[in-house]
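**Student:** What follows is a single structure, and I will ask about it in a moment.
The values are calculated or read from the model by the stated rules, or taken from the named source; none is laboratory data. Predicted, not measured: the structure shown is a model, and the values here were computed from it. Every residue, glycine among them, receives a Cβ derived from its backbone with ideal geometry; neighbour counts consider all protein chains shown.
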Amino acid sequence: MLVSAVGGVTTQSASADTYVPISGSGSTWSSNALDQWRKDFASNFGVTVNYSASGSSAGRTDFINGSVDFAVSEIPFQTAPVDGSAPENATDYAYMPIVAGGTSFMYNLNIGGKRVTDLQLDGTTITKIFTGAITNWNDPAIQATNPSLAMPNKPIVPVVRSDGSGSTAQFTLWMAKQHSDVWCPFVNEAPGDSCGLTSQYPNASFAKFQSGSLGVAGYVSQGYGEGAITYVEYSYALNSKFPVAKVLNAAGNYAEPTASAVAIALGKAKINADLTQDLSDVYVNPDPAAYPLSSYSYMIIPTVAKGIFTNDKGKTLAAFVTYVLCNGQQQAAALGYSPLPANLVSAASEQVKRIPGGPAAGIDCSKVKGGSTGVTVTPDPTASAAATTAGAGGAASTGAGADGSTAAGTTDSAAAAAASNTAVYDANGAIVSGSSGVGAAVAASKPLVLDDSAFGSQQIVMIVAGLLLVLAIVLPPFLSRRLKRSK
């Protein structure tokens, strides 16, 4: 039958030969959202979108080498990298924003056997922690921003990415732009253009290096992670049920990376002609609720059919992107991200027509049932008030919340194992292997229903044929019984 019910909602399913599987790689920062969307897409279209969360740098390299159909990254191709890495020279591609989010500072700290949940940090202190200039939780700079806490005499363990990472690039760009007096000497560069972002975190004997977002979050969340802090997309902290530091913003408030705080901050983003971002004004957004380290993640899409990428794959990719832009944004906040604003959904929709095999006119989310042309994030007064005034010391007098006990674990290999635990879904959306993260927040599957014009004569013929088949099976026995009775 051509018509099926998914989650109680009637949808049009795709025939097996309509779409072909596609593969992508890249960002771990946005992979929790991508995993949910891939699962939903498989449920609706019966086709698998494979994705390897190998890090933004690896994804861009895979795209250049032609070994994937698409890539995902938080930064564009680095044609003239300032960190000494090789230039990335790609051709025949376009950037498409897919989700927004906040790079958070997830930590594991106990005071008196209780987990601290109300830590506040300013940008200079964060930069000094991740450059080894501040090494203990009772440092006067940390105590000053947390007057209601008796900060413990405990070593700080910064946990950083060992792989090339968009998270690292976004974090180091923020440090280079906002705290160059601390960051640039650490990387042995004078403040200026030569001291910019790097996807590969510099060697640091004081830090623990882990692979992937799951790797750094996994290390912090373990029992041996007591005293540790890492930078990671907010979704991972939520999934791990660990707190993140409130960060001092330009208005003098401490803010958390909630969906509304990220959306507010990105109101100051400058979008370039190719849809990449300039975040300089986001860092200093004067709104009291803005979260400074807010940014976008991008899908890198091919604009020419070549190598392993065909028009048939382009048709699948265009359909997947349609789901991401029109339906997936409604799940963003529940997954620990922030939805794209309407103007970026519109701009990204125009990019779809550049995909070989995709719709020539682009896509119109208003014609996708259950879709949206843009999700408005209404600031939640309670969540926004997580932006507390500097010096107030937070809402709680102790700053300690849940029981300080954490999952068992004593070696770095446990976190490394978590990093390789990448989810793989089959065509029905079921997990074949791996996991999208322990305790992952899962949004309700949002079935994609195409607009009414997609249901035409071919579908009606199929339904009629199905009904005739049912009659052909049921009617003969029925008539036979009636004939016997009449005799």
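**Student:** Looking at region 237-250, can you tell me whether even one residue there is crowded, with 24+ Cβ neighbours inside 10 Å, in contact with a Phe, Trp or Tyr (Cβ under 8 Å, 6 or more places away or on another chain) and farther than 27 Å from residue 132 by Cβ?
**Tutor:** Within region 237-250, not a single residue is crowded, with 24+ Cβ neighbours inside 10 Å, in contact with a Phe, Trp or Tyr (Cβ under 8 Å, 6 or more places away or on another chain) and farther than 27 Å from residue 132 by Cβ.
**Student:** Taking region 48-89 as the search range and keeping residues that are aromatic (Phe, Trp, Tyr) and not in a helix (DSSP H, G or I), which one is nearest to residue 165 (Cα to Cα)?
**Tutor:** In this case the residue turns out to be 77.
**Student:** Testing residue 250 on (1) more than 25 Å from residue 58 (Cα to Cα); (2) part of a helix (DSSP H, G or I); (3) of a type in the set (A, V, I, L, M), one condition comes back false. Which one is that?
**Tutor:** Going through the list (1) more than 25 Å from residue 58 (Cα to Cα); (2) part of a helix (DSSP H, G or I); (3) of a type in the set (A, V, I, L, M), residue 250 breaks only (2).
**Student:** Moving on. Failed condition for residue 140, given (1) under 29 Å from the mean Cα position of the chain (by Cα); (2) at pLDDT 95 or above; (3) of a type outside the set (Ser, Thr, Tyr), with all others met?
**Tutor:** Just one mismatch for residue 140, condition (1).
**Student:** Okay, next question. Return yes when residue 312 is closer than 22 Å to residue 76 by Cβ, surrounded by fewer than 22 Cβ atoms within 10 Å (Cβ to Cβ) and at pLDDT 95 or above and no when it is not.
**Tutor:** Criteria not met by residue 312.
**Student:** Assess whether residue 152 counts as being surrounded by fewer than 18 Cβ atoms within 10 Å (Cβ to Cβ) and over 28 Å from the mean Cα position of the chain (by Cα).
**Tutor:** Criteria met by residue 152.
**Student:** Limited to region 167-191, what total is found for residues that are under 26 Å from residue 224 (Cα atoms) and at pLDDT below 95?
**Tutor:** Residues flagged as under 26 Å from residue 224 (Cα atoms) and at pLDDT below 95 within region 167-191 amount to 0.
**Student:** Could you go through region 102-112 and let me know if any residue there is modelled with pLDDT of 95 or more, under 21 Å from the mean Cα position of the chain (by Cα) and in a helix (DSSP H, G or I).
**Tutor:** No, there is no match, as no residue in region 102-112 is modelled with pLDDT of 95 or more, under 21 Å from the mean Cα position of the chain (by Cα) and in a helix (DSSP H, G or I).
**Student:** Only one residue in 346, 366, 338 is among the hydroxyl-bearing types (Ser, Thr, Tyr) and touching a helix residue (DSSP H, G or I) at 6+ places or on another chain (Cβ under 8 Å), so which one is that?
**Tutor:** None of the other options fit; the residue is 338.
**Student:** While we're looking at this one, here's another question. Test of understanding: among 260, 221, 194, which residue is at pLDDT 95 or above, hydroxyl-bearing (Ser, Thr, Tyr) and over 19 Å from residue 129 (Cα atoms)?
**Tutor:** Going through 260, 221, 194 in turn, the sole match is 260.
**Student:** Among the candidates 216, 220, 182, which residue alone is touching a residue at least 40 places away in the same chain (Cβ under 8 Å), among the β-branched types (Val, Ile, Thr) and surrounded by fewer than 24 Cβ atoms within 10 Å (Cβ to Cβ)?
**Tutor:** Going through 216, 220, 182 in turn, the sole match is 182.
**Student:** Out of (1) closer than 22 Å to residue 23 by Cα; (2) assigned to a loop (DSSP other than H, G, I, E, B); (3) modelled with pLDDT under 95; (4) small (Gly, Ala, Ser), the odd one out for residue 305 is which?
**Tutor:** Of everything listed in (1) closer than 22 Å to residue 23 by Cα; (2) assigned to a loop (DSSP other than H, G, I, E, B); (3) modelled with pLDDT under 95; (4) small (Gly, Ala, Ser), residue 305 misses just condition (3).
**Student:** Since residue 69 meets every condition but one in (1) crowded, with 23+ Cβ neighbours inside 10 Å; (2) modelled with pLDDT under 95; (3) over 21 Å from residue 329 (Cα atoms), which condition does it not meet?
**Tutor:** Condition not satisfied by residue 69: (2).
**Student:** Quick one: which residue in 290, 319, 333 is surrounded by fewer than 24 Cβ atoms within 10 Å (Cβ to Cβ) and small (Gly, Ala, Ser)?
**Tutor:** 333
**Student:** Oh, and also: Just checking, how many residues over region 174-209 are within 16 Å of residue 156 (Cα to Cα) and either outside any loop (DSSP other than H, G, I, E, B) or polar (S, T, N, Q) (or both)?
**Tutor:** Going through region 174-209 one residue at a time, the tally reaches 3.
**Student:** Looking at (1) part of a helix (DSSP H, G or I); (2) of a type outside the set (Lys, Arg); (3) over 19 Å from residue 215 (Cα atoms), which one does residue 171 not meet, given that it meets all the others?
**Tutor:** (3)
**Student:** Please go through region 123-167 and give me each residue that is assigned to a helix (DSSP H, G or I) and either touching a residue at least 40 places away in the same chain (Cβ under 8 Å) or on the phi > 0 side of the Ramachandran plot (or both), ordered by number.
**Tutor:** Passing the criteria: 123, 124, 126, 127, 128, 129, 145, 166, 167.
**Student:** Let me ask another. Looking at region 281-299, which of the residues that are of a type in the set (A, V, I, L, M) and either within 12 Å of the chain's Cα centre (by Cα) or outside any helix (DSSP H, G or I) (or both) is farthest from residue 341 (Cα to Cα)?
**Tutor:** 284
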